[in-house]
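Below is one structure, written out as structure tokens; comments come after it.
Quick note: the coordinates plus some simple rules give every number you see, no bench work behind them. In this text, all values refer to a predicted model and were calculated from it rather than measured experimentally. Neighbour counts are summed over all protein chains in view; Cβ atoms, including those assigned to glycine, are modelled from backbone coordinates with ideal geometry.
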């Protein structure tokens with residue numbers, strides 16, 4: 001395969017339900033927001049009860065070797081649950097928010113916006129993971145973070161590798177425009193969606209992209225492929241696969257969707 005072909009080659013992404021996805025990139029195995037607990041009620045500290053409505057499509061043992069966890073945030077059970085926390089103990093590196101890096105111990109590294117780390121590839125060379133901004137609500141960080149905490153997204157790059165954007169629990173298209181200025185076009189976007197909302201927060205507006213916003217964010221970063229996550233399995237998710245299919249079809253991007261369930 002030529003270097004130009006390798007740089008745009010599609011690699012498998014396996015989605016386990018909720019925000020959890022597994023992919024191999026540059027010889028390293030990455031997992032996003034690990035969640036494998038059973039359906040039930042989960043209390044957010046000083047926050048609402050989150051109800052998981054469906055089991056994950058797999059168990060942690062199905063992941064195989066994991067080199068890096070890309071954790072958008074650690075404070076909510078729909079992004080990091082008890083089984084996910086247990087998994088972190090066996091993973092060499094977890095990249096997350098600055099606050100999360102302080103809470104999760106020595107194997108976790110918190111990254112500020114635009115901070116990058118270089119990871120050694122097994123076959124030589126490096127993968128660069130850059131932390132990119134995200135806001136877990138439909139307002140400014142100053143208004144959102146006291147209620148929802150810090151959130152981070154990630155962009156993965158490397159010589160002769162496709163560019164990957166992991167949005168995290170983000171609700172700001174303006175931040176996506178800033179990310180696009182630095183990294184577009186993106187080959188694969190792992191796009192958190194689902195329009196989760198709570199009547200007691202932000203007048204019930206979604207705290208993560210709704211389906212139309214997910215499509216617009218994908219257009220902004222010029223994503224060649226979009227793997228939606230975090231659009232199922234929880235009661236506070238208000239838009240599912242059908243909404244995403246419709247929104248991407250209306251945007252003329254239906255052919256870019258990859259549901260990550262066939263790998």
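Tabulated data
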| quantity | calculated |
| --- | --- |
| Label zone at residue 24 (point 7 Å along Cα-to-Cβ), backbone N below 19 Å, the range 87-123 | 91-93, 119-123 |
| Sorted by Cβ density within 10 Å, fewest first, the residues 135, 190, 220 | 220, 135, 190 |
| Over the range 86-173 - Rg/Rh using Cα atoms and the Kirkwood inverse-distance radius | 1.01 |
| Highest-fluctuation residue, 17, 105, 137 considered, GNM on the chain with Cα pairs under 10 Å | 105 |
| Gaussian network model of the chain, springs between alpha carbon atoms under 10 Å - residue of 229, 166, 68 with greatest fluctuation | 68 |
| Within a Gaussian network of the chain (alpha carbon springs, distance under 10 Å), most fluctuating of 120, 250, 142 | 142 |
| Antiparallel DSSP beta bridges within the chain, percent to nearest 5 | 60 |
| Full-extension gain in nm, residue 54 to residue 99, via 0.36 nm per residue minus C-alpha separation | 13.3 nm |
| Net length gained if the chain between residue 224 and residue 126 were fully extended (0.36 nm per residue, minus Cα distance) | 33.0 nm |
| For the range 3-253, fraction of C-alpha pairs farther apart than 22 Å, in % | 50 |
| The range 165-187-the range 208-256 distance, computed between alpha-carbon centres (Å) | 14 |
| Gained length - residue 253 relative to residue 38, 0.36 nm times residue gap less alpha-carbon distance | 74.0 nm |
